[in-house]
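Beneath this line is the structure, given in structure tokens, with notes to follow.
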Amino acid sequence: MRHLLLGLLVVSLLGAAFAAGPVPPKGKIAPVMQAVTLEGTVQAIRVPHGIFSGNAVSIMLASDHRQYRLTLGPKQYLKKIGLSLKKGGAVTVNGWQREAKETQEVKVTVRDLAIDGQTYELRGENMKPLWMKPKTQEAPTMHTLKPRAK
């Protein structure tokens, strides 16, 4: 009985630690995200190539005498929604900015962007990417179970 109670205590403490999320390394502060709206000009477009380059398209945006690196999403999703970017083009972006020192480039995760009056949504209000399929929690039914062969 005593071992059972001790085991339950350990499991509950570990569960609480994992639920709290990752802890930043000692001396480091977790980045704070703040909502931001930017208007600017596309300076560069980075489209990933190869297996080790990641798959998120990003752009460099010049706005208010600063450079912003905007993370958009997978090139397949951008193609699917009809988003076409061009260097020198004007864009308006809504997203979440990580706080950065003056000398660092500012990173922005894009929620939506507008080009020539057309708005393209990339993420929901909760920052969840729209290209990710929602997980269903359905239990298997008799119709989905296959009978065993004898």
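Overview of results
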read-out: Any hit, the stretch 76-89, residues being modelled with pLDDT under 90 and not aromatic (Phe, Trp, Tyr); value: yes
read-out: First in the stretch 92-107 and of a type in the set (Asp, Glu), second anywhere and at pLDDT 70 or above, Cβ under 6 Å, 6 or more apart; value: GLU99/VAL32; GLU105/GLN67; GLU105/ARG69
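The values are calculated or read from the model by the stated rules, or taken from the named source; none is laboratory data. Here the structure is a predicted model, which is why all the values come from computation and not from measurement. We place every Cβ from the backbone using ideal geometry, glycine too, and count neighbours over all the protein chains shown.
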